[in-house]
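FYI, it's all coordinate maths here, none of it is from the lab. These numbers were taken from a predicted model, which means no experiment stands behind them. Cβ placement follows ideal geometry from the backbone for every residue including glycine, while neighbour counts extend to all protein chains displayed.
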Amino acid sequence: MIVKEEFLNQLKLYFSLNLYEVKIWTALLSRGVSTAGELSDIANVPRSRSYDVLESLEKKGFVVMKFGKPIKYMAVPPEEVVERVKKNMRVDAETKVKRLEELRKTEVIDELKSLFTQGVDLVEPSDLSGSLRGRHNLYNHIDFTIKSAEKTVTIVTTSSGLVRKIDALKGTFEKAKSRGVKIRIAAPITKECSNAVKDLKSVAEVRHIDKLNARFIVVDGKELIFMVLDDKNVHPSYDVGIWVNTPLFASALEQLFEIAWKELKPAAKIIK
């Protein structure tokens with residue numbers, strides 16, 4: 001049986017199988033019912049491995065073992081396999097999430113936090129920096145940084161960036177606001193982001209800026225995250241940001257923002 005390598009790779013990806021598993025499975029699909037030895041020859045998989053592979057496929061719901069001599073295996077219809085895989089993935093994900101939630105209540109997380117705190121204390125301030133590649137990673141780190149905010153969060157962004165932030169960070173903004181954190185956002189206010197401005201009304205003060213094309217966030221005058229590319233000209237996967245823990249520069253940037261902030265019009269007046 002000849003099956004294209006590209007097809008096998010797609011099966012590996014979609015069904016989380018290894019190469020031997022997809023070879024044996026496709027071989028069985030082509031036969032309907034077969035023995036381990038026959039499948040080994042058809043799929044070009046070592047006979048010593050075929051029994052382990054079929055046992056694995058049986059546990060995952062891809063095949064059914066028929067009793068008798070010799071033992072034979074029957075393929076489960078692909079549509080049913082998809083449903084079984086979906087169910088198994090959902091159960092597995094829920095189990096892992098539950099396990100991680102339970103971890104919060106154990107001494108393990110306290111020991112991990114202690115190790116991290118000790119490690120950070122040993123790190124040179126100049127080493128507390130990093131490059132963030134891809135918008136998904138950027139927003140994960142922005143979310144993490146805002147969660148640790150104690151006093152202020154200062155944001156300069158674009159119209160589309162403002163829309164993205166309400167989608168990705170509103171819950172984090174709300175929690176920061178409830179802790180007494182002051183959140184200020186400056187962005188070009190357009191029709192594109194008018195709904196986002198309304199959604200942010202309860203958690204942040206938003207003002208209109210039209211003479212500065214920049215994307216950065218300052219937290220507590222200590223941590224700075226700035227994006228190095230224009231979001232109009234970059235694919236989200238290739239967006240790049242720099243995170244720096246630098247009280248000297250971050251506080252200076254925040255002071256400059258403070259001067260500009262006084263001259264900016266409230267967003268509410270722009271979208272009337």
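For the reader, a short list of remarks on this structure follows.
- Counting only Cβ charges, +1 for Lys and Arg and -1 for Asp and Glu, the dipole size of region 129-272 around its Cα centre is about 460 debye.
- The convex hull around the C-alpha trace of region 18-91, projected and averaged over every direction, spans 4.7 square nanometres.
- Farthest positive-ward along the chain dipole, Cα basis, beta-carbon charges - from THR152, ASN137, SER48: THR152
- FRET E, pair LYS175, ASN140, Förster distance 22 Å, beta-carbon r, rounded to 0.05: 0.85
- Cα long-axis angle, helix 5-15 against the chain (0 to 90 degrees, to the nearest 10): 70
- Residue (of HIS208, ALA260, ILE183) at the positive-pole extreme of the chain, dipole from beta-carbon charges: HIS208
- log10 of Debye I(q)/I(0), alpha-carbon scatterers only, for region 126-270 at 0.14 Å⁻¹: -0.61
- Structure-derived Kirkwood radius over Cα pairs in Å: which label, when the choices are (1) 23.2; (2) 20.3; (3) 19.3: (1)
- Overall Cα dimensions of region 31-182 - principal axes, largest extent first, Å: 73, 40, 30
- Against the main long axis of the alpha-carbon atoms of the chain, helix 247-261 sits at an angle near 60°.
- Cα gyration tensor category, rounded, prolate or oblate, for region 134-180 with a/c compared to 1.5: prolate
- Here the chain is treated with +1 on each Lys and Arg Cβ and -1 on each Asp and Glu Cβ, and its dipole about the Cα centre works out to around 940 debye.
- MRE, 222 nm, helices only [DSSP H, n ≥ 4, -39500 (n - 2.57), over the chain, to nearest 500]: -17000 deg cm²/dmol
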